[in-house]
Amino acid sequence: MSPILKILTHILTLYMIPLISSDSSQHWITGPPRIPKPETRLSYPLITDEEKIYTCLEKTILVFNNNGSIINRIPLNHTCNPGMTPVLGASRKIYMIAENRVLKINTMKIRANESAWEVFLGPETGVQGLNKIIGLAVSISSSYVIVAIERRGLFGYRYDGRLKWSIGPAVNPTGYRQGCRRGFIGCFFISVPVIDLCDANIYVANNQGEVYSVSIRTRRFKWIQDLSWLDRNFTITAGNNGLLYATVPERSIIVALDVLTGSVKWQKVIGPLSTQDSAPVADNRGWISMGSLDGFLYSISPSGVVRKFFHRKNLDTVVQQAVLDCSGYAVYMSQTKFDRKISRANDENTYVSAMTPLKTVVTLLVPSTGSVIWFESYPSGSVVSSLFPDSDLRRFVVDERMLLAFLSISNTGNRLSCFSTRQKLASSCSLMDIKKVSIYTGNEKAIKLFLFYETILLILLAALVQFCCVFWRKKKLRNQNLRNFLEKRSSLRLQKKVCDRTITELEKKTAEGSSTNEMLEKLGDLVKEREVITRKLSTTYSLGRDATSPKSLSLIPLSDDKKTKSFSPKSGQKESATIFHTISDASSEDYSSIDEKTESKGKALMEPESASDGDDDGEHEAIVEAQGVKIDDEGDDLQTGGTSMRKRSISLTRNVGSST
């Protein structure tokens, strides 16, 4: 090759490098050629309240203590996905994705040397088509495992593996389509499902830039927010404080959405973000924190106040990660200083390239107050050996996320008290601002006036209904000779008053000593008459109960058998019952027929149906006649309300002994 051709080749190479860089749409960092072995790369860590970290290495689950030592190894038959963080469920069970399966690990069986894992979903359980699992989430309060499968949708499984519901990115429940606004063809979910632990709803995004709020129990869309005006690729993070955060790393924008309505609360532009690990972390006070490639840690309050940590004169630093500490109020951050850092920006994106790392500064700070609790500087490549000497971490490639995770469970330099996940959640959920929504949007005075008149109309309507019911009842009674009934009752009351007045006068004369035999006899008759009138007024003397009953009680026990049996009282004493009844032809005929039947058959008969006393309509009172029963008519008639009544005496003779 000629020297001229070599020079032209070098010039062309130098010219093409910036063009290639400008066409890239990601933020990237270059460093020394350090390519670790595949088996030394650990998956994303899961931090538990037991101060343990669960991570996966190919077909083995490693359980680390807070000092970096491995305390347990769980062998698997399937290779886990290193880019998927395991999820903690109820009863200390961990769910993770391995190949085309969802595995469930029971941490309670690890110490018992039992088989601690099983296939939750997969070909072994009869579930096919899990080749492209996007992610999973677990709702402890609702006992659901949510699995997102690419180009298929969301699937909700119970803890026992039963499928309860499934839903796609577009539904048509009421005649119009919800979701996939730009077309149903080619529309599918692309983000990992996120569950807000305060309102227990699922949040997921599709490839058209729409964010969904899905109810776990009812399987319906609560709201859909279109964020395609920002970008179609973003990360969703639940704040557990009434807000949902959508981070667009390529445009360095973060948007806060209201979890109840989906409306945008605020939008902030921060420093350039890495396309990897751009999700913010939310503390118990509602502040979210995320690292930036410009060397600052950005913290934003629930109301949208932005703070930057720290203001350094040397701008050759990068902050990529922030992890919440065990208290929930402070965050660990790692700030790496490079030998040289180059930043280049265009209209939409910022590109950062860095060379050899020199040192790492680890800091623990409280975003809400800005106070620094602890910080320490370490030479590049010696952070793990300095913080965790003689630990098993030295055998693996430890990135910033893994390092900060171990710092959080070891509580390095932290003076704050540690809290459990339940306590952190209770503190964070208390920040939710639940506003009362008024259903009335018009004039409040007019609405109150309308409700007042409506109440009056309801009262008048109720009174009218009650009046109609009473009027109908009176009219019904009027058709049943109510006038005669009321006249009889009034006459009885008047007679009772006359008797009471006369008896009172006679008693006064008797007390004075001027009484005679005639007066005493008259007083006795008046007392008896008053007793009769009182008994009539105190009995059921209403038209509604004057109807004859099909059955009545007899004065003596009768046999139901067809054979004739006699009844002989043990006592020979006489008992009499005085009955007043109206003398009429119908009554005499009834009694005569009863007497004939009694004499012919020679056995007791049940008394006829009873009727009210003193009725002019031919109704009569039942009289029982049987062997040993004697009815005597006396000539004393009582004039009661214009009705002639005769007193009849029934004598029952009981003979000593028994007869068969």
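The table for this structure:
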| quantity | calculated |
| --- | --- |
| Listed pairs K222/K265; K268/K341; K104/K222; K474/K497; K497/K528; K59/K93 exceeding 20 Å between Cα atoms | K268/K341; K104/K222; K474/K497 |
| Solvent-accessible ranking of C418, C429, C187, largest area first, probe 1.4 Å | C418, C429, C187 |
| Probe 1.4 Å, all protein chains present, accessible-area order of R220, R401, largest first | R220, R401 |
| Residue-level accessible surface for M519, protein heavy atoms, 1.4 Å, Å² | 40 Å² |
| In nm, spacing of pseudo-spin labels at I459 and T79 (7 Å Cα→C-beta vector) | 8.1 nm |
| Rough spin-label spacing in nm, given labels placed 7 Å along Cα→Cβ, for R307 and L494 | 9.9 nm |
| Rounded percent of accessible protein surface that carbon and sulfur make up, region 256-378, 1.4 Å probe | 49 percent |
| Around L297: net Lys/Arg minus Asp/Glu count, Cβ-Cβ under 9 Å | +2 |
| With DNA, RNA and ligands ignored, accessible area of D199 (1.4 Å probe; Å², nearest 10) | 40 Å² |
| Candidate residues W266, W472: accessible-area rank, largest first, probe 1.4 Å | W472, W266 |
| Gain on full stretching of the segment that runs from R162 to S215 - 0.36 nm per residue minus C-alpha separation | 17.3 nm |
| Under 12 Å, Cβ to Cβ, from R182 - net charge with Lys/Arg +1 and Asp/Glu -1 | +1 |
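The values are calculated or read from the model by the stated rules, or taken from the named source; none is laboratory data. Quantities reported herein were computed from a predicted structural model and do not represent experimental measurements. Backbone-built Cβ (ideal geometry, glycine too); neighbour counts: all protein chains shown. With ligands, DNA and RNA removed, areas are computed over all heavy atoms of the protein, side chains included. Shrake-Rupley method; radii C 1.70, N 1.55, O 1.52, S 1.80 Å.
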